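The values are calculated or read from the model by the stated rules, or taken from the named source; none is laboratory data. Everything numeric in this text was worked out from a predicted model, so none of it was measured. Virtual Cβ from ideal backbone geometry, glycine too; neighbours counted across all protein chains shown.
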Amino acid sequence: MTTDDVSALVAEVEEQERALVLPRFTHDDAWRLGCLLVELASERGLAVTIDVRKGTQQVFHAALEGTTPDNDSWVERKVRVVYRFGASSYLVGLRARAKGVDFAEQHQLPLQEYAAHGGAFPVRVDGVGVVGVVTVSGLPQADDHALVVEALRTFAGTQG
């Protein structure tokens, strides 16, 4: 992937984050979003772990057939990136890549605790900011990210 490709992808993900802002996010909303992700993944036969948090509280967690405890570790590491940087784990990793730097080195963060790989997306509420994180782990990082974005778009459409 060229530098121009990475820059275009950064712009695309930044636009996704600007567009995917919810009017509210309750515990019930977190549960419904998690269930939507399970439904999408199950229909496609995807082996993923799904995690939805409101604040720092884990409100929804599902590990579908074919996942392992390692997926839970990836979820935790991606979630830490979102909370630390206020952006999706994919965007944080892409920004480092666009600068030609290694994320872990750039920020002096241990790889065992932080993973700037796609799949964790900030849940933003209009007028409030980041109130939670929705995460998928188990697919290539771009696919983890895309599944979360698809679910958030669908979910946002139901909140209208």
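Scanning the stretch 109-141 for residues that are surrounded by 15 or more Cβ atoms within 10 Å (Cβ to Cβ) and small (Gly, Ala, Ser) returns ALA115, ALA116, GLY118, GLY119, ALA120, GLY132, SER137, GLY138. Of VAL123, VAL149, VAL133, all but one fail to be within 10 Å of the chain's Cα centre (by Cα), part of a helix (DSSP H, G or I) and at pLDDT 95 or above; the exception is VAL149. Quick one: which residue in ASP72, ASP51 is buried (at least 21 other Cβ atoms within 10 Å of the Cβ) and modelled with pLDDT of 95 or more? On inspection, the qualifying residue turns out to be ASP51. Name the residue, out of VAL59, VAL101, that is under 20 Å from VAL133 (Cβ atoms) and β-branched (Val, Ile, Thr). None of the others qualify; the one that does is VAL59. Against the list (1) without any contact (Cβ under 8 Å) to a residue 60 or more places away in the chain; (2) assigned to a strand (DSSP E or B); (3) under 17 Å from LEU147 (Cα atoms), the condition GLU43 fails is (2). Across the stretch 136-145, the qualifying residues are those that are touching a strand residue (DSSP E or B) at 6+ places or on another chain (Cβ under 9 Å) and part of a helix (DSSP H, G or I), and the one among them that is nearest to ALA87 (Cα to Cα) is HIS145. Number of residues in the stretch 4-27 that are closer than 16 Å to VAL82 by Cα, touching a Phe, Trp or Tyr at 6+ places or on another chain (Cβ under 9 Å) and not charged (D, E, K, R): the value is 3. Condition test on VAL13, is it under 24 Å from VAL130 (Cβ atoms), in contact (Cβ under 8 Å) with a residue 60 or more places away in the chain and not in a loop (DSSP other than H, G, I, E, B)? It is true that VAL13 is under 24 Å from VAL130 (Cβ atoms), in contact (Cβ under 8 Å) with a residue 60 or more places away in the chain and not in a loop (DSSP other than H, G, I, E, B).
Could you go through the stretch 22-31 and let me know if any residue there is part of a helix (DSSP H, G or I), at pLDDT 95 or above and within 14 Å of PHE121 (Cβ to Cβ). Within the stretch 22-31, one or more residues are part of a helix (DSSP H, G or I), at pLDDT 95 or above and within 14 Å of PHE121 (Cβ to Cβ). So, of the residues in the stretch 75-108 that are of a type in the set (Asp, Glu) and outside any loop (DSSP other than H, G, I, E, B), which turns out to be surrounded by the most Cβ atoms within 10 Å (Cβ to Cβ)? Applying the filter and picking the extreme gives GLU76.
Does the stretch 58-71 contain any residue that is under 21 Å from CYS35 (Cβ atoms) and without any contact (Cβ under 8 Å) to a residue 12 or more places away in the chain? Yes, there is a match, as at least one residue in the stretch 58-71 is under 21 Å from CYS35 (Cβ atoms) and without any contact (Cβ under 8 Å) to a residue 12 or more places away in the chain.
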